[in-house]
């Protein structure tokens, strides 16, 4: 079956040449202003200089997915694992919008598997049949919870858990080791972030049970016990898991931990750069582009806000090439 | 018509058929990779074409063995030994076996190696020279099988005479 992606992988190999390397990221980090960064990016054929930064990122994201649709037109659902997060984000936004008067432009993310209008309509009319079966129950429960309790955080937690569970299952369903690892990493790190936040804010064991999604690299019950006991207990539990490397970052800040998660993902996909067969190199390219966009966004935001270069270097991610 | 001649002819036919199938696969997959590499960089056409063609040689070797075998048993050029013994026919068939077995397998592996090397060239064009070596190594075993089949067919012809 790997043979069916030979053309696609060869195209991806050519496209990898235009990915931003560590050297370009260093150059961007060292640039004096946001305008200088935009100039460097423009020289690398990255982004439209006439567009505001956020629109430029959206354009770059669209370019990635247009290429993937061209290369894998009959098997796009295999990449749903990357797009489900946007669906659940849109569900959250739609539920909150339906409970607050008025229209709030810019709260929805493009590029999910379900059209935003379908989600909005389903939530607005409380008729969830248009949504996938896996999303119906959580959509209904989250909306009812928000209407009854006005607790936005609880609503978010319910949807986040469902999203993590779905992403992990979608990764497993593909049968592709890279996508399975991606789903597992997203789910596990999502759980760790939730556990740390809950520990810091003193959330109950009952809350944690609702918030943590099952995954295979973490014992969710043990993590919930640890989070209920405090941050030190979470760190002590993680020390015995495959995420022990992340403890220093967790102690530092959530931002450092997120950087560790992204770097771990890049480490996971790096072997794909030498793989000429299968869906792996295509999936790796999507993640590499995503990582690239995320890194450039951090750099431009830092330049806009006058963050020193040393602080910026601590925040930028490792690159795929 | 003797059963011996049927076996000898089957050996020649299978040599051409299996080698052709292997080469078709190898050239096919390498062609897909070449097309992918050339889509964004058409300048790679000549380099990737050479890499694509490498797995095509096994088909030629199979054809060569088929020709030699057919001419030795007289199917080509007239004078076929219609009374060929079963033993002689089986010997011709056995002589074709290295090509029947090795050529398709080597062509498929060479095709996959070419795919990997096309990826290498599309990343770094200057590695073209080196990239030719890797698929060429697979060719070694196709040539060894070809040599043994040629020697064996002529050897069987000598025995039959």
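When only C-alpha pairs under 8 Å and at least 6 residues apart count, what is the relative contact order of the stretch A:78-174, in percent?
33
Output the 0 to 90 degree angle, nearest 10, between the alpha-carbon long axis of helix B:3-40 and the longest principal axis computed from the alpha carbons of chain B.
The two axes meet at around 10 degrees.
Could you tell me whether the stretch A:113-190 comes out rounded, prolate or oblate from its Cα gyration tensor? Rule is a ≥ b ≥ c as square roots of the eigenvalues, rounded for a/c under 1.5, then prolate if a/b exceeds b/c, otherwise oblate.
Oblate is the answer for the stretch A:113-190, as a/c is 1.5 or above yet b/c matches or exceeds a/b.
Using mean Cβ contacts within 10 Å as the protection proxy, how do A:229-241, A:82-94 order, highest first?
The densest-packed peptide leads the list: A:82-94, A:229-241.
What does the structure give for A:275-283 when I average, per residue, the other chain Cβ atoms found within 10 Å of the residue Cβ?
If you average over the peptide's residues, the count of other-chain Cβ atoms is 2.
Specify, per residue and in Å³, the volume enclosed by the convex hull of the alpha carbon atoms belonging to the protein assembly as shown.
Expressed per residue, the convex hull around the Cα atoms of the protein assembly as shown is 198 Å³.
At 0.36 nm per residue, and after removing the present C-alpha to C-alpha distance, how many nm does the segment from residue A:240 to residue A:4 gain when stretched out fully?
Result: 80.9 nm gained on full extension.
Put a dot 7 Å past each Cα toward the Cβ at residue A:43 and residue A:217; how far apart are the dots in nm?
3.7
Identify which of A:103, A:40, A:266 has the largest mean-square fluctuation in a Gaussian network model of chain A, with springs joining Cα atoms closer than 10 Å.
So, out of A:103, A:40, A:266, the one fluctuating most is A:103.
From the alpha carbon gyration tensor of the stretch A:176-271, can you work out the equivalent ellipsoid semi-axes (sqrt of 5 times each eigenvalue) and give them in Å, largest to smallest?
22, 15, 10
Select from B:136, B:83, B:34 the residue whose mean-square fluctuation is largest in a Gaussian network model of chain B (Cα-Cα springs shorter than 10 Å).
B:83
Where is the GNM fluctuation largest for chain A (alpha-carbon springs, 10 angstrom cutoff): A:36, A:156, A:129?
Of the options given, A:129 has the highest mean-square fluctuation.
How high is the FRET efficiency between residue B:60 and residue A:309 when r is their beta carbon distance and R₀ equals 60 Å, given to the nearest 0.05?
With R0 = 60 Å, the Cβ-Cβ based efficiency is 0.50.
Applying a 10 Å radius around every beta-carbon, put B:122-129, B:106-113, B:68-75 in order of their mean neighbour count, most first.
Per-residue Cβ counts within 10 Å, averaged per peptide and sorted highest first, yield B:106-113, B:68-75, B:122-129.
Among A:186-199, A:52-65, how do they line up by average Cβ neighbours within 10 Å per residue, starting with the highest?
My ranking of the peptides, most packed first, is A:186-199, A:52-65.
In nm, give the distance between the simple-model label positions of residue B:105 and residue B:10, each being 7 Å from the Cα along the Cα-to-Cβ direction.
2.1
How high is the relative contact order of chain A? Use alpha-carbon pairs under 8 Å, at least six apart in sequence, and give a whole percent.
23
Return the average number of partner chain Cβ atoms within 10 angstrom of each residue Cβ along peptide A:9-22.
5
Which whole-number percentage describes the relative contact order of chain B, with Cα contacts under 8 Å and a sequence gap of 6 or more?
Worked out over chain B, it gives 36 percent.
Calculate, in whole percent, how much of the Cα-Cα pair population of the stretch B:3-160 lies beyond 26 Å.
Everything past 26 Å amounts to 36 percent.
With angles folded into 0 to 90 degrees, how steeply does helix A:220-229 sit against the dominant principal axis of chain A? Use alpha carbons for both and round to 10.
70
Report the Rg/Rh value for the stretch B:12-73, based on alpha-carbon coordinates and the Kirkwood definition of Rh.
Computed over Cα atoms, the ratio is 1.19.
Measure nothing fancy, just the Cα-based angle from helix A:177-201's long axis to the longest principal axis of chain A, in degrees from 0 to 90, nearest 10.
Taking Cα atoms only, the helix is inclined about 50 degrees.
So how compact is the stretch B:110-161: Cα radius of gyration and Dmax in angstrom?
Rg and Dmax of the stretch B:110-161, Cα atoms, are 17.5, 57 Å.
Once label points are set 7 Å from the Cα along Cα→Cβ at both residue A:75 and residue A:26, what is their separation, rounded to one decimal in nm?
It is 3.8 nm.
What does the extension gain come out to for residue A:232 and residue A:149, with contour length at 0.36 nm per residue minus their alpha carbon separation?
Taking residue A:232 through residue A:149 to full extension adds about 26.8 nm, to one decimal.
Which whole number gives the average, over all residues in B:31-39, of C-beta atoms from other chains lying within 10 Å of the residue C-beta?
6
Laboratory data are not the source of any read-out in this text; all were calculated from the coordinates shown. As the structure is a computational prediction, the values presented were derived from the model and not from experiment. In this analysis, Cβ positions are derived from the backbone assuming ideal geometry, glycine residues included, and neighbour counts consider all displayed protein chains.
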